[in-house]
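**Student:** Structure in structure tokens, see below.
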Amino acid sequence: MSKPGSAGGRPQTGTGRFISGVVEGFYGRPWTMEQRTELFKREQKWGLNTYLYAPKDDYKHRMYWRDLYSAEEAEQLVALISAAKRHNVEFIYAISPGLDITFSNPKEVAALKRKLDQVKEFGCRSFSLLFDDIETEMCPADKKVFSSFAHAQVAITNAVYQHLGEPDTFLFCPTDYCAAFCTPSVSQSSYLHTVGEKLLPGVDVLWTGPKVVSHKISVESIEEVSSVLKRAPVIWDNIHANDYDPQRLFLGPYKDRPTELIPKLRGVLTNPNCEFYPNFVAIHTLATWCKANADGGQRDVEMGDEEQDPGYSPQKALTLALTDWLQEFLSTDQPGGPRRRPPARLKKESSDEEPMQTDMGESAYEPGPEENPLYTAEPLTLGDLKLLSDLFYLPYEHGPTARTMLQELDWLKNHSAAAAAAAETDKTVEWCFRAQQFDGMCEAVVQMFNRLSNAPNRSILYDLYDYICDIKSGVGLARAYVKILGGQGQPSAQLMNDDPEPWGFRGGLSGEFQRMLPGHGNRDLFRHPPMTEVYCIRPYWPADKMEVQRIFREMQGAGEGKAPLMAQPPLICDGLSAGEIPPSPQCAFVLEDEIGMCGYALALTDAKAAATTTKRAVSDSVFEDFPSVVTMHVLPRVTDPSPAKRMIGQLLSSIRSSGSRGVFCELRQSDRRMLDFYTKLGSFKPIKVAGLPQDLVAMGTSL
Ligand code: GDL
């Protein structure tokens, strides 16, 4: 096994310690000097050791990288660098010259060295060159000198690294900084191979994982990139970055990076939310993660969950972070901050309640018996913060409460008509119960909002404010909608009015664009590109039997006036298409276009009886894995495969809901179109069925 932070026996660079901490590497308003100093305090307290200064929109970091700092700026940077030192945090100064540097011009190299020399004079000892998010095409002058972009970047990086006296910590961010950017792949990327071979061994490489914002980072993926780079990378983690979407904020725990990675990495730096204060959770949970192995692999297995990381539980890390964060919320951060008032009902008898601030003294207003009581707010709770984090969790995952709310709203929407039709049945009772529960969850969001907006620490509140307002009104709309579904309440002005307030149609121009796209621009749009024709997939009704038979005959080559192909052996599911066997409930769909029905997909959740009718001796083991059978036909006029994919998708989902564990279909070898269709679906694979007539093929999929 290789040493921690080393790859392929390469000696460790720098101090050899695991680099852990924060990269201020996002687009948008950079943090203030005070916030950065606060960050160093926190890093020290939580055991993190590094800060990488790389704010994309700081003029002199990227756009005007050649410009030296003014005396005033210098003073600030000197103070910042010494604050980092005081808190035992390694300050790495990064520069991004890639927007316009000409690598082959010695004046440019000199400008870069001059700039970094200046920062070195400020007391900085660790540096970084970043080449992320830039054009990959070299200018003609550079093309004459360098054989590739990688060669150009590596040459300048090595030169600067040596010029600065080979600092202990020197980081390089490649232009292909994640697997998704590598062509054709990580292992075959000539760019990364050049970096791996030519970059001096003392320089470390930043890497964001499989994607820019990586959902998961696996040990295998890191082993792969380490072998190409010939060194263990430093992860630049964008898991909590929110600079790409103004409606999102990430308050979930550091997650989906196994702690087994720690010995395989040179370090981890998180590039978190643009707003400073909400990063409490991102940084606190990263610190907990980093400690996982330092504690000698403290075992923390939660029984019965094999997926758990033995060294780290995101849920526990989150609770630890939120518990500490709550204290910060409750501390007044501004002069003239609020006095804590006793809750209304306790006001009279509570004499032991400590006011947080007593400077209101004599002038404190006490309402008379018939007057308005003073506005009081309950203090924020850990439960509120848990809910807040659930609503603003992680880029690929909502927190548990948010998931439940979405599921419940979906269920209430889909079952509201049934509830109305079956008055006073169990279904209505269940619908009303679940609607009430949903309402309760919405109310909890409102209460959380109220308590948050009364929290004494205004700096955190102001960073959160836009987001919590947004979620509060989103939840409010859903809540009003469920009331209307349940027949309570009038359609509110917000939902139905012809002239709503601006908060009834949110999102500005970007919102307009999204609403104009099919499915409101949701993720399905990318999975199933939009169709040019309009199709409708609807449940099969018994009255559709004749039309289904017509399509079946047409597809068998026995259209009007032609005789059916008698010579062919029947398929198990032919009885379904011919209308001799009815499909299982909820397991039949038809496809319609402008002309009429143009396809169908039918299933039997239990195929055994149909096999017997077709006189086919299918073995029990096949039925054990694939108890259900499907058949699907789509007329040739439907040239777009998407509607058929969606129809089979809906059918499989219904079969799965019936409790079946697998499904198969039979196809004729000559039916190239359907064979091709099932093969391209990806989920269906050929299966062996003993006694299958020669020109038939069976394909199956588990559900
Ligand atoms: C990026 C940018 C980063 C930005 C992040 C999230 C790297 C190396 N660069 O690609 O500045 O904050 O995406 O939008 O991650």
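The values are calculated or read from the model by the stated rules, or taken from the named source; none is laboratory data. As the structure is a prediction and not an experimental result, all values here were calculated from the model. In this analysis, Cβ positions are derived from the backbone assuming ideal geometry, glycine residues included, and neighbour counts consider all displayed protein chains.
**Student:** Looking at (1) surrounded by 13 or more Cβ atoms within 10 Å (Cβ to Cβ); (2) aliphatic (A, V, I, L, M); (3) away from the ligand (no atom under 16 Å from the Cβ), find the lone condition where Ala141 falls short.
**Tutor:** So Ala141 meets the others, but not (1).
**Student:** I'd like to verify a number: residues in segment 576-630 that are in contact with a His (Cβ under 9 Å, 6 or more places away or on another chain) and not hydrophobic (A, V, I, L, M, F, W, C), how many?
**Tutor:** The total comes to 3.
**Student:** Tyr462 fails exactly one of the following numbered conditions: (1) surrounded by 15 or more Cβ atoms within 10 Å (Cβ to Cβ); (2) within 20 Å of Cys274 (Cα to Cα). What is the number of that condition?
**Tutor:** (1)
**Student:** Right, another one. Count, please, the residues in segment 14-29 that happen to be buried (at least 20 other Cβ atoms within 10 Å of the Cβ) and within 21 Å of Leu77 (Cα to Cα).
**Tutor:** Total satisfying the criteria: 6.
**Student:** For Gly662, state whether it is free of Cβ contacts under 8 Å to residues at least 60 places away in the same chain, more than 19 Å from Leu696 (Cα to Cα) and out of contact with any Phe, Trp or Tyr (no Cβ under 8 Å at 6 or more places or on another chain).
**Tutor:** No.
**Student:** Going through segment 646-694 one residue at a time, which ones are among the aromatic types (Phe, Trp, Tyr) and within 33 Å of the chain's Cα centre (by Cα)?
**Tutor:** Taking segment 646-694 as the starting set, the residues that turn out to be among the aromatic types (Phe, Trp, Tyr) are 664, 677-678, 684.
Result: Phe677, Tyr678, Phe684.
**Student:** Moving to a separate point now. What's the total number of residues in segment 84-107 that are buried (at least 20 other Cβ atoms within 10 Å of the Cβ) and assigned to a helix (DSSP H, G or I)?
**Tutor:** Residues that pass the stated criteria total 1.
**Student:** Starting from segment 22-46, keep only residues that are more than 17 Å from His240 (Cα to Cα), then list their pairs with residues that are more than 16 Å from the ligand (Cβ to nearest atom) and assigned to a loop (DSSP other than H, G, I, E, B) whose Cβ atoms are within a distance under 7 Å, requiring at least 6 positions of separation or different chains.
**Tutor:** Phe40/His87; Phe40/Val89; Lys41/His87; Gln44/His87; Gln44/Asn88; Gln44/Val89
**Student:** Cβ contacts < 9 Å: first residue farther than 24 Å from Ile239 by Cβ and among the charged types (D, E, K, R), restricted to segment 186-210; second residue away from the ligand (no atom under 15 Å from the Cβ) and assigned to a loop (DSSP other than H, G, I, E, B), any location; separation 6+ or different chain. Result?
**Tutor:** Glu197/Lys230
**Student:** What's the total number of residues in segment 153-163 that are within 16 Å of the ligand (Cβ to nearest atom) and touching a strand residue (DSSP E or B) at 6+ places or on another chain (Cβ under 6 Å)?
**Tutor:** 1
**Student:** Regarding Ala54, is this residue small (Gly, Ala, Ser) and within 16 Å of the ligand (Cβ to nearest atom)?
**Tutor:** Against the criterion (small (Gly, Ala, Ser) and within 16 Å of the ligand (Cβ to nearest atom)), Ala54 qualifies.
**Student:** Here's a follow-up. Name the single residue, out of those in segment 580-633 being at positive phi and of a type outside the set (Gly, Ala, Ser), that is modelled with the highest pLDDT.
**Tutor:** It comes out as Gln586.
**Student:** Here is a follow-up. Looking only at residues in segment 445-473 that are of a type in the set (Gly, Ala, Ser) and part of a helix (DSSP H, G or I), which one is nearest to Glu378 (Cα to Cα)? Talk me through it step by step, then tell me what you get.
**Tutor:** Residues of segment 445-473 that are of a type in the set (Gly, Ala, Ser), as a first pass: 453, 455, 459, 473.
From what's left, part of a helix (DSSP H, G or I): 453, 459, 473.
Details: Ser453: 11, Ser459: 19, Ser473: 21 Å.
Top of the filtered list is Ser453.
**Student:** Any idea how many residues of segment 246-262 are charged (D, E, K, R) and more than 16 Å from Asn279 (Cα to Cα)?
**Tutor:** Matching residues across segment 246-262 total 3.
**Student:** Further question on the same structure: Pick out the one residue from Leu52, Leu77, Leu48 that is among the hydrophobic types (A, V, I, L, M, F, W, C), over 20 Å from Cys290 (Cβ atoms) and surrounded by 15 or more Cβ atoms within 10 Å (Cβ to Cβ).
**Tutor:** Among Leu52, Leu77, Leu48, only Leu77 is among the hydrophobic types (A, V, I, L, M, F, W, C), over 20 Å from Cys290 (Cβ atoms) and surrounded by 15 or more Cβ atoms within 10 Å (Cβ to Cβ).
**Student:** Can I ask one more? Which numbered condition trips up Arg17, out of (1) modelled with pLDDT of 95 or more; (2) more than 16 Å from the ligand (Cβ to nearest atom); (3) within 32 Å of the chain's Cα centre (by Cα)?
**Tutor:** (1)
**Student:** While we're here: List the number of the failed condition for Ser214; all other conditions in (1) touching a strand residue (DSSP E or B) at 6+ places or on another chain (Cβ under 8 Å); (2) modelled with pLDDT under 95; (3) within 16 Å of the ligand (Cβ to nearest atom) hold.
**Tutor:** Only one criterion in (1) touching a strand residue (DSSP E or B) at 6+ places or on another chain (Cβ under 8 Å); (2) modelled with pLDDT under 95; (3) within 16 Å of the ligand (Cβ to nearest atom) is unmet by Ser214, namely (2).
**Student:** Then there is this: Among (1) touching a strand residue (DSSP E or B) at 6+ places or on another chain (Cβ under 9 Å); (2) more than 15 Å from Leu116 (Cα to Cα), where does Ile81 come up short?
**Tutor:** Just one mismatch for Ile81, condition (2).
**Student:** Check off (1) over 22 Å from Leu171 (Cβ atoms); (2) over 14 Å from the mean Cα position of the chain (by Cα); (3) crowded, with 16+ Cβ neighbours inside 10 Å for Gln188 and give me the number that stays unchecked.
**Tutor:** (3)
**Student:** List the number of the failed condition for Pro570; all other conditions in (1) closer than 21 Å to Asp620 by Cα; (2) assigned to a helix (DSSP H, G or I) hold.
**Tutor:** Result: Pro570 passes all but (2).
**Student:** Does Gln247 meet the test of being in contact with an Asp or Glu (Cβ under 7 Å, 6 or more places away or on another chain), farther than 14 Å from Leu394 by Cβ, away from the ligand (no atom under 12 Å from the Cβ) and assigned to a loop (DSSP other than H, G, I, E, B)?
**Tutor:** Answer is yes for this residue.
**Student:** Residues in segment 164-175 that are within 14 Å of the ligand (Cβ to nearest atom), crowded, with 21+ Cβ neighbours inside 10 Å and part of a loop (DSSP other than H, G, I, E, B): how many?
**Tutor:** Selection size over segment 164-175: 1.
**Student:** Only one of (1) modelled with pLDDT of 90 or more; (2) buried (at least 19 other Cβ atoms within 10 Å of the Cβ) fails for Ile572. Which number is that?
**Tutor:** Failing condition for Ile572: (1).
**Student:** From the set of residues in segment 119-136 that are surrounded by 15 or more Cβ atoms within 10 Å (Cβ to Cβ) and assigned to a helix (DSSP H, G or I), which is farthest from the ligand (Cβ to nearest atom)?
**Tutor:** Lys120
**Student:** Can you name every residue in segment 211-223 that is in a loop (DSSP other than H, G, I, E, B) and surrounded by fewer than 18 Cβ atoms within 10 Å (Cβ to Cβ)?
**Tutor:** Correct list: Lys211, Val212, His215, Lys216, Ser218.
**Student:** Please find, within segment 547-561, the residue that is modelled with the highest pLDDT out of those that are part of a helix (DSSP H, G or I) and farther than 15 Å from Pro583 by Cβ. Explain how you work it out, then say what you get.
**Tutor:** First, the residues of segment 547-561 that are part of a helix (DSSP H, G or I): 547-555.
Of the ones still in play, those that are also farther than 15 Å from Pro583 by Cβ are 550, 553-555.
Working: Arg550: 94, Arg553: 91, Glu554: 90, Met555: 88.
Across segment 547-561, the extreme among qualifying residues is Arg550.
**Student:** Regarding Val195, is this residue in a helix (DSSP H, G or I), within 16 Å of the ligand (Cβ to nearest atom) and over 27 Å from the mean Cα position of the chain (by Cα)?
**Tutor:** So Val195 passes the test.
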